[in-house]
1. Distance between Cα centroids, the stretch B:505-554 to the stretch A:248-266: provide it in whole Å.
2. Using protein chains only (no ligands, no nucleic acids) and a 1.4 Å probe, work out which residues of the stretch B:42-77 have their accessible area cut by at least 50 Å² relative to the chain alone.
3. Reachable aspartates and glutamates from B:Lys122, Cα under 14 Å, same-chain residues fewer than 8 places away excluded?
4. Of B:Phe546, B:Val130, B:Gly461, which is farthest towards the positive pole of chain B's charge dipole, taken about the Cα centre with +1 and -1 on the beta-carbons of Lys, Arg and Asp, Glu respectively?
5. Using +1 at the C-beta of Lys and Arg and -1 at the C-beta of Asp and Glu, which of B:Ala727, B:Phe663, B:Leu695 has the Cα lying farthest in the positive direction of the dipole of the stretch B:625-733?
6. List, in order, the whole-Hz ³J(HN,Hα) value for each residue of the stretch B:770-781 obtained from phi through the Karplus relation with A = 6.51, B = -1.76, C = 1.60 and θ = phi - 60°; use x for Gly and Pro.
7. Tell me the total accessible area that A and B bury against each other, 1.4 angstrom probe, in square angstrom rounded to 100.
8. Given a Förster distance of 35 Å, report the FRET efficiency between B:Glu606 and B:Glu520 from their Cβ-Cβ distance, rounded to the nearest 0.05.
Amino acid sequence: MSPSAFNSGDFSDFTISCGELTFKVHKMVLASCSEFFSACFRFPGKEADDSCINLPEDDPQMVRRMVIFFYHLDYDPTSEQLCNRLSKINHSNGPADLATTAHPRINWWLPGSGFKDAVQPCYYRFDCPCYCPLAEGERTDQPTAPPVNIPPAFSQAQTMIRSGAGVQMASPLTIHASMYALAEKYQSRCLMLRALKKFKDCVHDHWNTPDFIEAVVIGFSSTQSGNRGMRDAILDAFRICVRVDISKIPGMEERLENFDEPCFHLLKSWPIKV
Amino acid sequence: MIAGRGRQRIRPPRRGLHGDEIDFESTWDIIQAAFREIHTKNASRLSYEELYRHAYRIVLKKKGEDLYKKVKEFEKQWLSGEVRSSIQLLLSPNLLADAQSVGGTTANERRVAGEKFLKGLKQAWGDHQVCMSMLADVLMYMDRVYCQDHRVPSIYTTAMVLFRDEILHSRTSAKDSRPLLDLLSHVILEQIQMERDGDVIDKHLIKSCVHMLDGLHADDLESENQRLYNVSFEQDYLNTSRVFYRGEAESMLRESDAGEYCRRARKRIHEEEDRCRATLLESTTPKIQKVVEEELIQNRIKELVEMESGVRFMIDNDRLDELNLIYDLNARVDTKKSEVTRAIQKRIVELGTEVNNDAIAASQAAPPPAPAADGGDKPKGQAQEKSLNLQTAAAIKWVEDVLVLKDKFDKVWRDSFQSDNLLQTAMTRSFADFINSATFPRSSEYISLFIDENMKKGIKGKTETEIDIMLEKAIILLRYVQDKDLFERYYKKHLCRRLLMNKSISNEVEKQMISKMKMELGNNFTMKLEAMFKDMTVSEELTSGFKKHVEGLGDRDPHRIELAINVLTSMTWPMDTIGGPGDNDEDRRPKCNFPPAVEKIKRGFEKYYSEKHSGRQLTWLPNMGTADVKAVFPRVLQKDGSFKERRHELNVSTYAMVILLLFNELPAGQHITFEEIQAQTNIPHSDLVRNLQSLAVAPKTRILVKEPMSKEIRPTDMFFFNEGFRAGFIRIKVGVVSSGNKVESDRERRETEKKNDDSRSHVVEAAIVRIMKQRKELGHQHLVSETISQLNGKFKPEVSLIKKRIEKLIEREYLERVEGGEISSYRYLA
């Protein structure tokens, strides 16, 4: 699906409105990705009559990302290569919340660095998927933080220089966890899988942030307990990043629905490490 | 440490509703009201998004089970209230009354009432499906999350089951306790019965109801064989159909002939097929077909085939269409088609036996042949000749009748039986049965005679294709003949006569026949026949060689006798037929005394021949030869007054030539008696009688005059040269009585069969020895069966004959019994 079909709304036959945003869309595209929309178009009610649906209770920015996904099978924030593609989209002037920190990226293809053949630990990849396309001309105040936590072996590696087309997103984990819940609500299996993958891809860079705490709460409260996808991804993150096995702490998993900062600190200093 | 904490507020995505509590009851009220709108077809202003969101929220708040129960309860009430009462309104008294008894209402009234009911039910079912799929769309999140996690059936499925329980299983009315489902089955069956009786019914309507039954299950496990259609309807349908077709078969057998029965049965079968396609389900097709086939065909086919207008009638009247129908019906229930096969076989044997009997009757119409064919009784001779001719005609008629029969049944087989292989085998067997029937032993001889007749006369002026067809016909018949050895014997005999007497019209055709037989019966069979042809060619070469040889001898003798000779190998030619030294001719024929001139050339040839092939002995067969004699009749006054010398070329038998030459030396007017002729020539008595008959008695070739003049020849008769002989042609053929191929008399046949049996004994012995030589030791049963299978191509030996030959072989110490074995067996003695 080319960006222009989405940008221009040519031949669109349906409208989605959510808060201040409206999207001109094509039923065929939506019905093929989401069972909710497929049923909605089928249902002989108001929406079918008016060729228009209002989603009053959802975050407009999340709905925007979802619609972009229906057309491009990806949404922001994303990795740098995909960012170029998404940057062509007129994304309805969505304000990008800017990250207060930038985490280090390692330029591993530097000649002579010798990393090319080495197995890369996944959290040292350059294309961390928390990058967000930026509307042209928009000014951002991107604070640049010095590289932190670089193991001595990588000290020669350079921090990647970001191009001007995008900014680093402040809370990617919250976005992905919310997207997962939204996808489940609107019964879009492919979007669920995509959100889950993006969450897993950047949780290593962001676990030590309030974003993670927020994402844990969303992950455990926005779906029924039978839905294990996001839950398992969060438990994995605890095991790998915090090195705590939640399942070994009786009653802990149920508590994650009401996770908060003191809990997080408590877990970080949990004595039994994996 | 949490990076960036406190420096700048970032905005996470809104959490949506997750924190808000919801009021289940009020939300459910909203949903319930919407459902009611949907059920009353008033959904157009409902917001799908809103309904979905309410249901989503309830499920997300872990109230899925409550929601599920509420929806189920709502549907149950809707069905048992609104829907059930609307259907009960459709049940007219007409419909309910005739559910118990048919009387009181006309078929048309019942049909209209039934259709009204079916329409109402179809409508209710259709509405229910549409509404439920809308509800299921609204409740999609519940279906996906609650139902899947808790393994309960989807709301749609549950609602379908509710329809079954609340509508189909409900009482018909307050007074009538039978479930509505029974009424439905009954109405459908009744409609189908109306269609069978010729009415037009709404097939599409019934099909809709059938689909409903097919979509529902009798139990809650939804197993495949528990569909309501199968459980509550199909069996009823099959049962009522069975009763109907049983009755129909009975009345059809009573009222119509077999052909009509077949046509109607076929129509019924197709109707049922169409019905399954258009009105019911295709899965019923094989079942109902089985019912119809059992009732209309399987249980009736025997009766049908044997009806007065059955297979026999159809064959006799060439009802090929009807035969095809009855074949087709039979094939449906029986891959062997045994009933039709049996009837066909019976008819073939009947008709064949008729042909046989006709032939016997024709051959017996004439007085019975004389006990001695080559005896001395002359007066019966002519009558016997006549009867033999009649028999020959009967033989040829027999062959032609059999061929007509064969053609008839071939046509039936091709056109009506779809060239069915099994039937072909059966028909072939039946033909073989009557052709080889024990009461009719003449088939081999008749077939050979048929070929003989055609070779001599029949093929004259026919095209190659016609001749080929004729030959092919003979081969077809030959195929049926079991005793091929007997046929070979006759064929050899007849062929021998044709060859030696130059009776064949075309040598080419003879050879074609032989090669056809070769293809059909194998090399062994034709080896001797081919050898006969070879002898003929060799003889031609010998004759011309001898001619050259004689010319080379010196001065040309004006009175030289030209010799054409056929040298026959005694093993290949049937010596008994041509009068050679046969096996049972204990009195070897006395050698005929040839006149000196002939004797000289005979010697000359013998010398010439022994130079070419030393060690071979020549036996002269004057009874088979002919001679051209130039005769000069002196000037005597003729009856018409002419007075001149007449020259004739007489074509006579060798014996006649010998006799005539006797008169050369006789002064004019002198006579010789029979006894004198016999003494001087040494011609066998019967041959002499026959030759003198043709020379002195036959009116057109009376070269000799007999005194006293009578038809019979007596030893005391005197013979004169007929100086006043006169004939219209220069060339005169003096025929000798009884030289053509004719049917054998009974005595001859007995002889031929005896000879054949003798030679069979040898063949059987040879086969036994061959087998034993290879196997060394073999049980009795095995030996017998192997012998039979080895001889299968030639004839079918009697077991008793084989036993006898084994005994003989043991006597002659080819074999010995193995002592002490459990089964009797034999050992080969080298």
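The values are calculated or read from the model by the stated rules, or taken from the named source; none is laboratory data. Quick caveat, the model's predicted, so the values are computed rather than measured. All Cβ positions, even for glycine, are placed from backbone atoms using ideal geometry, and neighbour counts span all protein chains on display. What goes into the accessible areas is simple: the full protein's heavy atoms, side chains included, and nothing from ligands, DNA or RNA. Shrake-Rupley method; radii C 1.70, N 1.55, O 1.52, S 1.80 Å.
1. Each part reduced to its Cα centre gives a spacing of 118 Å.
2. Buried on complex formation: B:Arg45, B:Tyr48, B:Glu49, B:Tyr52, B:Arg53, B:Tyr56.
3. Within the straight-line cut-off, B:Lys122 pairs with B:Asp202, B:Asp214.
4. Ranked along the dipole, the leading option is B:Phe546.
5. The residue sitting farthest along the positive end of the dipole is B:Ala727.
6. Once θ is set to phi - 60°, the couplings for the stretch B:770-781 become 4, 5, 5, 4, 7, 8, 6, 9, 7, x, 4, 4 Hz.
7. Details: alone 14400 and 44860 Å², together 55300 Å².
Chain pair A/B: roughly 4000 Å² of buried accessible area.
8. Details: r = 41 Å, r/R0 = 1.16.
That pair, B:Glu606 with B:Glu520, gives E of 0.30.
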